[in-house]
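Below is one structure, written out as structure tokens, with a few remarks after it.
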């Protein structure tokens, strides 16, 4: 996470979040099947370990990271308006064909924003580096 985010004005912060979220629905629905994610794999073939693909763009995860930082900094305005931007993006993307999947992805992230502060270690341990990976992995497995 760029440490300069803490020096952004509220307007600049929201503009950055809007830029991240300004994607079409296909980016949010794109499959990760070409990327070998060991946490989602039950069986591994040796040849798949040589696959050098990267995961597709994850604007929702990038936006969520900005909101986690706002949460860690106890910046309620950024957290409130950032959550509002997530909801506006979700509503913009919804259509009859994708409504279940889009709503689940976005509402799950928003639910996580409320769940994370309930963790016993928050905010005594900074949400950076391996801690954020650990918390997000815990959330993925518990929800």
message = Between the stretch 8-27 and the stretch 36-66, how far is it from one alpha carbon centroid to the other, in angstrom?
response = 23
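Counting other C-beta atoms within 10 Å, which of 104, 72 has the fewest, and how do the rest follow?
On the way: 104 10, 72 20.
Going from sparsest to densest Cβ surroundings: 104, 72.
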query = What order, most packed first, do the peptides 107-113, 22-28 have when packing is the mean number of other Cβ atoms within 10 Å of each residue?
reply = 107-113, 22-28
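Each reported figure results from applying straightforward, stated rules to the coordinates on display, with no laboratory input. Only a predicted model underlies this, so the values are computations on that prediction, with no experimental measurement involved. Quick reminder, even Gly has a Cβ in these numbers, built from the backbone with ideal geometry, and neighbours come from all protein chains shown.
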